[in-house]
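Asker: Take a look at the following structure, please.
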Amino acid sequence: MMQSMAIKELTRTALMLAVIIVLGLFPGIPVGFLPVPIVLQNFGIMLAGEVLGAKQGTLAAGLFLVLVALGFPFLSGGHGGMASLFGPTGGALLAWAVAPLAIGLTLQHAWFTATWWREWLVVLVFGVGLINLAEVVWLATFFHFGFGQALVAELVFLPGDVLKAILSVTVARRLRKIWAVR
């Protein structure tokens, strides 16, 4: 029985890793005034925290980032390697390592998962908010954007990220029913 659970967890983690990789096949949408494109992969990161929980979701995101660091071209647009982790998108990538943990830990409390909108708020704060704030701080610190300038520029991502959070909650609730997780 215990071995069966371990195999299920490993399989689900590998599937989520594959989802994150496949989302990278969609090219990013360039934003002319910002060196960071609009991508779909953060949807996969949020979904990992929701569906797999803190431990397995963070493992899936961490494995993805290790593969990217090793040079696999899994980021949107076929990018990979250590330079990707330290380039303009590095803040978001750093947050991708933490977002599933924050989402998963928060959703462990039954109050948050009782309703759809509460779960969406968790994903909005710890997925969208955390990732976008990390990007703002990264751009302001390492790429000579003023903090206010980076914050205003980051607003271009907000409408799409809100939609990705809605999609993430919708898909996660369905997957948890199918997988009987949590």
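Rule-based calculations on the coordinates, nothing more; no lab input. From a predicted model like this one, the values you see are computed outputs, not experimental measurements. Heads up, the Cβs are rebuilt from the backbone with ideal geometry, glycines too, and the neighbour counts pull from every protein chain shown.
Asker: Pairs of alpha-carbon atoms within less than 8 angstrom and 6+ residues apart define the contacts here; what relative contact order does the chain have, in percent?
Answerer: Rounded, it is 22 percent for the chain.
Asker: If you don't mind, another one. Angle check, please: helix 90-107 long axis (alpha carbons) against the longest principal axis of the chain (alpha carbons), in degrees 0 to 90, nearest 10.
Answerer: Compared with the principal axis, the helix lies near 30 degrees.
Asker: How far is helix 158-179 tilted, in degrees, relative to the longest principal axis of the Cα atoms in the chain, given as a value from 0 to 90 rounded to the nearest 10?
Answerer: Approximately 20 degrees, to the nearest ten.
Asker: Here's something else I'd like to know. Under 5 Å between amide H atoms, partner at least 5 residues away or on a different chain: which partners does residue 31 have, H built in plane at 1.01 Å?
Answerer: 36, 38
Asker: Specify the angular offset, from 0 to 90 degrees and rounded to the nearest 10, of the alpha carbon long axis of helix 2-23 from the longest principal axis of the alpha carbons in the chain.
Answerer: For helix 2-23, the angle is close to 30 degrees.
Asker: Can you tell which of 52, 25, 139 shows the greatest fluctuation in a Gaussian network model of the chain with Cα springs below 10 Å?
Answerer: With Cα springs under 10 Å in the chain, the top fluctuation among 52, 25, 139 is at 25.
Asker: Give the lysines whose C-alpha is closer than 21 Å to that of residue 8, dropping any in the same chain fewer than 8 places away, or say none.
Answerer: List returned: 55, 177.
Asker: Along the positive direction of the dipole of the chain (beta-carbon charges: Lys, Arg +1; Asp, Glu -1; about the Cα centre), which of 92, 81, 166 reaches farthest?
Answerer: Checking the options against the dipole of the chain, the answer is 166.
Asker: Using a Gaussian network model of the chain with C-alpha springs under 10 Å, which one of 127, 62, 78 is most mobile by mean-square fluctuation?
Answerer: Result: 78 has the largest fluctuation of those listed.
Asker: Then there is this: Calculate for the chain the 222 nm mean residue ellipticity that helices alone would give, adding -39,500 (n - 2.57) per DSSP H run of length 4 or more and normalising by residue count, nearest 500 deg cm²/dmol.
Answerer: Rounded to the nearest 500, the figure is -23000 deg cm²/dmol.
Asker: Sticking with this one: Can you give the net charge of the other residues whose Cβ lies under 15 Å from the Cβ of residue 97, counting K and R as +1 and D and E as -1?
Answerer: Here the charged neighbours net out to 0.
Asker: Under a 10 Å cutoff between Cα atoms, tell me which one of 107, 59, 163 has the largest fluctuation in the Gaussian network model of the chain.
Answerer: In this elastic network of the chain, the residue with the biggest mean-square fluctuation among 107, 59, 163 is 163.
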